[in-house]
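See below for the structure under consideration.
The values are calculated or read from the model by the stated rules, or taken from the named source; none is laboratory data. Predicted model, so just to flag it, every value in this text is computed and none were measured. For neighbour counting, all protein chains shown are included, and Cβ atoms are generated from backbone atoms with ideal geometry for every residue, glycine included. Heads up: the accessible areas ignore ligands, DNA and RNA and are worked out on the full protein's heavy atoms, side chains in. Shrake-Rupley method; radii C 1.70, N 1.55, O 1.52, S 1.80 Å.
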Amino acid sequence: MTIEPLDLLRSNLARVRIPEPTNRIYKHECCVSFDTPRSEGGLFIDMCTFLAFGKDFVGWNYEKTGNPVYLHIKQTKKLVPEDRPSKKPTLLAIGIDGGFDNNEPEYEETHSVVILPEYVSLPFPSVELPEKVRLAVDAILLAEGAERKEELAAWTADKKQVSSYAMNLQQIDNGVVIPPSGWKCAKCDKTENLWLNLTDGMILCGRKNWDGTGGNNHAVEHYRETGYPLAVKLGTVTADLEAADVFSYPEDESVLDPQLAQHLAFFGIDFSSLQKTEMTTAERELDQNTNFDWNRIQESGQEVYPIFGPGYTGLVNIGNSCYMAANMQVVFSTRSFISRYYLSQSLKKAFEMSPADPTVDLNMQLTKLAHGLLSGKYSVPAFENDEKENTVTSTTTAKQEGIRPRMFKSVIAASHPEFSSTRQQDALEFFLHFIDQVERANTGKIELDPSRSFKFGIEDRILCSSGKVTYNRRNDYILSLNIPLHEATNKGELESFQKLKEERLAEGKEINADEIVRPRVPLETCLANFSAPEEIHDFYSTALKTKTTALKTAGLTSFPDYLVLHMRRFVMEAGWVPKKLDVYIDVPDIIDISHMRSKGHQPGEELLPDGVPDEEDSNKTWANEEIVAQLVSMGFNHLHCQKAAINTSNVGLEEAMNWLLSHMEDPDIDLPISKGHGSETSTIVDQSKVDTLISFGFQEEIARKALEASGGDIEKATDWIFNNPNASVSSMDATPSTAASTSNDVDLPDGGGKYRLMGIVSHSGTSTLCGHYVAHVLKDGRWVIFNDNKVGASINPPKEMGYLYFFERL
C-alpha cells in the first residue's frame, strides 16, 4: 500500500521541531564533509536537530537518529554575461561594500522537504504543507546559520572602541598652541609619523619599525615617563574627526575619542581647516594589503603550474586563517596523521563514534579535515561545475575550489580566545596548541596518538662550580633555535653592502631591492648553538648553599619521527618593539643530528644533593630578574614569569619559556610564590574533600596533591588530575637534581638522527601577528606550494626563509 507524501509527512510531525532563537542551525555546510548547498546533491537539514548533511551522508544520520524529515537546499549558479569590473577597495574587508571584491558568483536557491528513507520529496513553499512544517522551514531559512558566525569571508579589521580615558582626560594649560603645519618632533628631526599628546601638547615621533623605518619611539617613551594616555596622529585630523587616528597607550590600540574636537581646540587647533597629509594606521594596513609583497615566499615571479587530486586540496582563507592552513597542509602530509585520521578511520566510523552534535567533536572534525584534504574530492578547478565553461582556457590561472575549515577552526579554537578571533596569529603558537589538543583527545590511546610522532625529550646538563652536576629533563614538540648572526658566512659581502648603503645615504638615494644583501647563516650553526655550553650566572647550588656560575649543555634524549625546527626570526627590542631578523638560513635537504643525543648521567659524575633548602635557605627562593624581564617584555604575566624562572632553576630564557607555555593552564599558576619551593604552596587540605575525590576512584595521595595544587577546589582538582594523567606523588615530589627525575622516554618514538626536509612554513610581514603564511611540502618527490586555496608545483621553494622547518626521519 502506497502512502501519500503528505500523509507520510503528517505521520512524522512529531520528529519536526520549530527552532528556538537559541538553537544552533547548520545550513551552509555538512557536519561530516565539506559538501554545501552548491554541491551536486545539495544539503539536507535535519528538521529535528538542525544539523546539515550532504547527499552521501544524510542516510547515516537517519540510521543513527531515526529522524526522517529534512529540508533540502540546493543552490545553482546564475549565468553572468560579463565579468564585473573590479573596484578599488576603501575598507580593509572582503566581500562587503567598500571592501575587496571577491568576485563571488550569484546563486539561485531552491527548497524542498524530503522524507527518508525513501527520499520522498515535497516542494516548498506550498500551502498544502502542514503549518508546523511551514513554520519550521521559514524559521530555518530566516535564521543566522551557526556556520556564519565562524564565516570570515566578509571579515573587517577590528572596530575601534571608545577609549576609557577620553571622557575625563585632563589637559595641562601650559600655553602650547599647535600651528596648522610645519610640525617636527620635539626630541629629534623627524617631520613625519608625528603624534600630538592630548594631555600636554607635546609633538613626538612614532614607533620605530623592525626594518629601521618609522620614528624613534619618542611618543611612546613620553607616555612611559608621564603616563599621559592619548595621542593623535598629526596629518590624519580633518573635518571628519572619526577618521582621525587616536592611539591609547595604556589600552595599546587605536581608539575613538568622542571629545577630540574639544581636546584639539584646547591647543588652538581648528580641525575644520586642516588637510589630510598622513595615512591612518588602518589605511596604511590597507595599503600594505593592496600592494602585498608576495615576493620570494609565494614565488610570485614564477608561473606556478596548478596541481589537483588527492593530497593537493587547498584551504580557503576564512579570514586571516593562513597560519592554520599552512600548518595543516604540512601536518596532514605526515604518515602519522594520514594513518590516524584518513587510512585508519572512515568518516562513517568517526560519525558513529561522535556525540549528538558532531560539529563540536574534535575527532570527527579532524577526520573530516583529513578526508577533505586527502581524498581529492574537493581538489578541482573552481569552474569545473560551471555549465557555461567546460574547457580550461589557461591551466596556470585555474583556481581551486578547496575547502573552508570553519567547523575545524571552531572546535580547535574553542579553548583559546585568540585563535577564535579573526586576527592573524603566530603559526608556531597554533602548531603547539593543535598538537596539545590532539594529544588530549587521544589520552589513554598512546598507540593511536599521532602527536607522539613530533614528541621528543630534551636533557639539560648543568655543571656546578663545585664539580657536581644536575640533569633536567623535559619533553617538547619543537626545537627552538637562535640565529647567531655573527656566524654569517658572507661577511665580506655584508661589509661591501654596508658601504654601499652609506654611500647611497650620503647621496640621498635609496637601495634597490635587488641590491640588498642579507646575512646567510647555516642551519648546522643554529643547531650547534643550541648544544653549545652556556654560562648560567647566579645559579643556586645545593652543594655550595649559595649562588654560583654554572655551565649548561643541552642534548636530545630521543629523536622523533618528525623533527620541527623553529627559527627565532622575531626578537623583541627595547620598548616592546618587535624586530624581524632579515636573514637567510642555509638549510640542506638532509641533516644528521646524531651528535646532539644526550649522554645522560656518566660514571664518576657526582650529582648535586637533593632536597628543599632548609629554613635559613628557604627565604632564597628567587627568580633571575633578567629572565623575568625578557619574558615580561613578550607580554607574559610577571608572576607567571617568576615561577617559570624559579621552576627551571634560572637556567635560561628558553627553558623558562618552555615551562611557561606548558603550565599556563595550571590551576595554581596564579597562586603566590611560597618561600620554599617555587610555585608550590603548602596547603591544609580538607579531609572531606579528599574523601570525595577518593569516591570518584582516585588514589588518596593523588587526590591530596590535586587539592593542594587547586587551592582546595574539588572541580579544579578533578581537572588537574585529568590534565596530569601521569602524575604521582613520587614523581611530583622529585627534584630535578636527580637522574631519576626524568621524563618517561619509554613512550617516546626514537630512532636514527638522519632527517630529510619535508615541509616549510614561511612568513612574510613585519610580525607573526600580521602578514601572510605559506606552506611548501615535499610530495611524491617534488616540492608543492600551498598558498591558501592555491596549490601548485613549486619551482624554487624558499628554503632559506622558513619560520618552521619540518624534517622526516630517514
According to the Kirkwood expression over distinct Cα-Cα pairs, how big is the hydrodynamic radius of the range 477-539, in Å?
14.5
The range 599-672: translational diffusion in µm²/s, Stokes-Einstein, Kirkwood Rh over Cα pairs, 4 °C, 1.567 mPa s:
94
The Rg/Rh figure for the range 426-540, Cα atoms and Kirkwood Rh, to two decimals is 1.17
Cross-link pairs Lys754/Lys799; Lys160/Lys790; Lys468/Lys580; Lys501/Lys580; Lys349/Lys455 - those with Cα-Cα distance over 30 Å
Lys160/Lys790; Lys468/Lys580
Contact order relative to length of the range 599-672, as percent, for alpha carbon pairs under 8 angstrom and 6 or more apart:
23
Using modelled backbone amide H atoms (1.01 Å from N, in-plane), which distant-in-sequence or interchain residues come within less than 5 Å of Gly759's amide H?
Leu778, Phe806
Suppose all protein chains stay in the model; what accessible area per residue would a 1.4 Å probe give for the range 599-672, in Å²?
52
Once His486, His663, His222 are ranked on solvent-accessible area with the largest value leading and a 1.4 Å probe, the list reads His486, His663, His222
Just the accessible area for Cys48, please: 1.4 Å probe, Å², rounded to the nearest 10?
30
In the calculated pair distance distribution of the range 754-810, what percentage of Cα-Cα distances lie above 15 Å?
48
Accessible-area value, Glu459, 1.4 Å probe, nucleic acids and ligands omitted, Å²:
10
Need one number: nm distance between label points at Glu225 and Asp138, each 7 Å from Cα along Cα→Cβ, rounded to one decimal.
6.8
5 Å is the cut-off here: which amide hydrogens, built 1.01 Å from N in the peptide plane, fall below it relative to Ser480, excluding neighbours closer than 5 in sequence?
His566
Exposure of Ser594 as accessible area (Å², to 10), given a probe of 1.4 Å and all protein chains:
60
List His416, His595, His566, ordered by accessible area with a 1.4 Å probe, largest first
His595, His416, His566
Order by accessible surface, 1.4 Å probe, largest leading, for residues His111, His640 comes to His111, His640
Expected output is a single nm value to one decimal: the length gained when fully extending between Tyr305 and Lys599, i.e. 0.36 nm times separation in residues minus the C-alpha distance. What is it?
101.0 nm
Whole-percent carbon and sulfur share, accessible surface of the range 599-672, 1.4 Å:
52
